[in-house]
1. Answer yes if at least one residue in segment 321-342 is free of Cβ contacts under 8 Å to residues at least 60 places away in the same chain, surrounded by 15 or more Cβ atoms within 10 Å (Cβ to Cβ), in contact with a strand residue (DSSP E or B) (Cβ under 9 Å, 6 or more places away or on another chain) and not in a strand (DSSP E or B), and no otherwise.
2. Which residues, counting only those in segment 92-106, are surrounded by fewer than 24 Cβ atoms within 10 Å (Cβ to Cβ) and either within 16 Å of the ligand (Cβ to nearest atom) or free of Cβ contacts under 8 Å to residues at least 40 places away in the same chain (or both)?
3. Among the candidates 307, 296, 241, which residue alone is within 27 Å of residue 91 (Cβ to Cβ), away from the ligand (no atom under 16 Å from the Cβ) and in contact with a helix residue (DSSP H, G or I) (Cβ under 6 Å, 6 or more places away or on another chain)?
4. Considering 225, 298, which residue is buried (at least 24 other Cβ atoms within 10 Å of the Cβ) and assigned to a loop (DSSP other than H, G, I, E, B)?
5. From the residues in segment 244-263 that are in contact with a helix residue (DSSP H, G or I) (Cβ under 6 Å, 6 or more places away or on another chain) and outside any loop (DSSP other than H, G, I, E, B), which one is farthest from the ligand (Cβ to nearest atom)?
6. If you check every pair at least six apart or on different chains, which have Cβ atoms under 7 Å apart with a residue in segment 13-29 that is over 23 Å from residue 161 (Cβ atoms) first and a residue that is part of a helix (DSSP H, G or I) and at pLDDT below 80 second?
7. If I ask for residues that are in a loop (DSSP other than H, G, I, E, B), surrounded by fewer than 19 Cβ atoms within 10 Å (Cβ to Cβ) and within 16 Å of the ligand (Cβ to nearest atom), which ones from segment 15-72 would you list?
8. Kindly indicate whether any position in segment 107-116 is more than 16 Å from the ligand (Cβ to nearest atom), more than 23 Å from residue 216 (Cα to Cα) and modelled with pLDDT of 95 or more.
Ligand SMILES: [Mg+2]
C-alpha cells in the first residue's frame with residue numbers, strides 16, 4: 001500500500017507488528033533471508049523442485065469473525081496451505097501471509113467479540129498470529145514475509161512454498177484401474193464441528209468470553225485441523241504416486257482424481273471412517289477435513305497407520321465410465337452413483 005494511503009497510527013501499528021512477528025519467526029536452513037528485505041531468499045536442496053500453493057480465507061466465506069476464535073483463523077489459514085504441500089509429498093520451505101483487516105481488528109481487544117475458553121485477550125491480529133505461528137513452529141515452517149493493509153473486509157491470503165525431489169511429487173493424474181483407494185484419519189469431523197459451532201454461536205446462552213470447553217473435542221477438527229505433512233512425505237518416499245488433500249469433501253476431491261486420471265471409482269460406504277459426532281453425509285461431502293486421499297497399486301504394501309494416523313482402504317479405482325458420474329457407492333442395499341457435493345461454506 002502506498003504510504004499516502006496509510007494513517008500514521010496504522011503505519012506505526014504495522015511496523016510494530018512486523019517487528020514483533022520477526023522476533024517470533026523460527027530460523028531455517030532453507031530460508032537464507034527472511035522478513036526484513038525486499039524479498040525473501042529461499043535455497044532448496046540440489047535435485048529438488050519447488051511446490052507453490054496459495055489460498056484465500058475470507059470473513060463470511062471461509063470463517064466468521066463472530067464464530068471463529070482469531071487463533072483458529074490463523075491456524076486454519078496456514079493449515080490450508082500446508083495441507084496442499086502434504087498432498088504433493090512436499091516439505092515446507094516457507095510461508096507468506098498477507099492480511100487485509102478492518103482497523104478495529106488491528107488495534108482493539110476483541111475479548112467480547114470472539115474467543116475460546118481460557119484464551120488470552122489482545123488485538124485480533126495478535127491472536128491470529130498466535131494461532132498461525134504455533135502451527136508454523138509445529139510444522140517447522142518459517143514465516144518469511146507478507147503484507148498488511150486496512151480494508152472493510154477481513155481477508156487472509158497465504159502462500160506456501162515447499163520442496164520435493166525432482167519428478168517425485170504426488171499427483172492427481174496417475175491413478176490406474178485396479179488401484180486401491182485409501183484415506184488418512186477420519187472424515188466429517190470438520191463439518192460436524194462447524195455445525196456445532198454454528199449452533200453455539202447462534203444460541204443466546206453462549207458465554208460472552210468463549211466457546212464452552214465441553215465442546216472442544218467436537219470443535220477441534222474444524223477449528224484446529226492438522227495437515228498431514230508426515231503422511232504425505234511417507235507416501236512419496238514409498239513410491240505412492242497419487243494423492244489429494246480433502247479440502248472440498250471426499251465426493252468432490254475423489255472426482256478430481258477421476259477427472260485428472262481419466263478413471264472411475266467405487267467406494268464402500270461401510271468402510272469409510274467417520275469422525276466421532278459426524279454423519280456419513282458429512283464424511284462424504286463435508287470439506288475441510290484436510291486428510292489425505294491416495295491410491296496405491298494392489299501389490300503395494302500400505303500400513304494400518306502412518307506416523308500415528310490410521311489408514312483405511314475405502315474403495316478401488318475402475319476403468320473410465322460415465323463422465324458425469326465417475327463415482328459409485330456400494331451401500332448395504334446396492335450400488336448408486338455418488339454426485340460430487342463439496343461443502344459450500346455458509347451457503
Ligand atoms: Mg489441495
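1. yes
2. The one that is surrounded by fewer than 24 Cβ atoms within 10 Å (Cβ to Cβ) and either within 16 Å of the ligand (Cβ to nearest atom) or free of Cβ contacts under 8 Å to residues at least 40 places away in the same chain (or both): 104.
3. Working: 296 fails: in contact with a helix residue (DSSP H, G or I) (Cβ under 6 Å, 6 or more places away or on another chain); 241 fails: in contact with a helix residue (DSSP H, G or I) (Cβ under 6 Å, 6 or more places away or on another chain).
Residue meeting the stated conditions: 307.
4. On the way: 298 fails: buried (at least 24 other Cβ atoms within 10 Å of the Cβ).
On inspection, the qualifying residue turns out to be 225.
5. Just the residues of segment 244-263 that are in contact with a helix residue (DSSP H, G or I) (Cβ under 6 Å, 6 or more places away or on another chain), to begin with: 244-246, 249-251.
From what's left, outside any loop (DSSP other than H, G, I, E, B): 244-245, 250-251.
On the way: 244: 6, 245: 4, 250: 13, 251: 15 Å.
Step by step, filter segment 244-263, then rank; the result is 251.
6. 13/107
7. Passing the criteria: none in range.
8. Checking segment 107-116: not a single residue is more than 16 Å from the ligand (Cβ to nearest atom), more than 23 Å from residue 216 (Cα to Cα) and modelled with pLDDT of 95 or more.
The values are calculated or read from the model by the stated rules, or taken from the named source; none is laboratory data. What you are looking at is a predicted structure, and each value in this text was computed from that prediction instead of being measured. Cβ atoms come from the backbone with ideal geometry, glycine included; neighbour counts cover every protein chain shown.
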